[in-house]
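Remarks on the structure that follows.
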Amino acid sequence: MSLKMRKSKVAMPIPRCAVGTCMWLLGGAWTPTLLWNLSGGARRFGELRADIPGISAKVLSGRLKDLEEKGVIIRTLMATSPPSAEYGLSVLGRELLPAINEIARIGERLKVEQDSGKIGIDASGAGKDSD
């Protein structure tokens, strides 16, 4: 016996999901962390490596190029010897910060609840209530 198909309760389905569009920008390992670290102002590559322990130079370089191509960050060449570049948030990157700040706030609350045993995290990383 098959289950009856239920109607969607979404007010008006849209052809392209707005959440998916934003996640296309934010997706990828280290991206939210990178944007978080750029929220305080422009940083050079070496500074970002020091700011984000555990990220490899290869991954950081790739993520910076990807975010620059998507218009989330701006790369500015500095007239120094040797030449260097600074990375800062674009208007779009700054527009994403409230969402990242809210995710960080929720993450902090979840960490406290996890540490207190109020919630658990299973092997997939998904939360499960311990009640």
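The values are calculated or read from the model by the stated rules, or taken from the named source; none is laboratory data. If you're wondering where the values come from, they're calculated on a predicted model, not measured in any experiment. Every residue, glycine among them, receives a Cβ derived from its backbone with ideal geometry; neighbour counts consider all protein chains shown. Ligands, DNA and RNA are stripped out before the accessible areas are found, and what is left, the full protein with its side chains, is counted by its heavy atoms. Shrake-Rupley method; radii C 1.70, N 1.55, O 1.52, S 1.80 Å.
In whole percent, and with a 1.4 Å probe on the protein chains, what portion of the accessible area of the chain is carbon and sulfur? That fraction is 60 percent. In a reduced charge model with +1 at each Lys and Arg Cβ and -1 at each Asp and Glu Cβ, the chain shows a dipole moment near 520 debye about its Cα centre. For the stretch 47-114, the solvent-accessible area with a 1.4 angstrom probe is 62 square angstrom per residue.
A value for mean projected area of the Cα convex hull in nm² was derived from the coordinates, and within the list [x] 13.0; [y] 11.4; [z] 7.2 it appears as [x].
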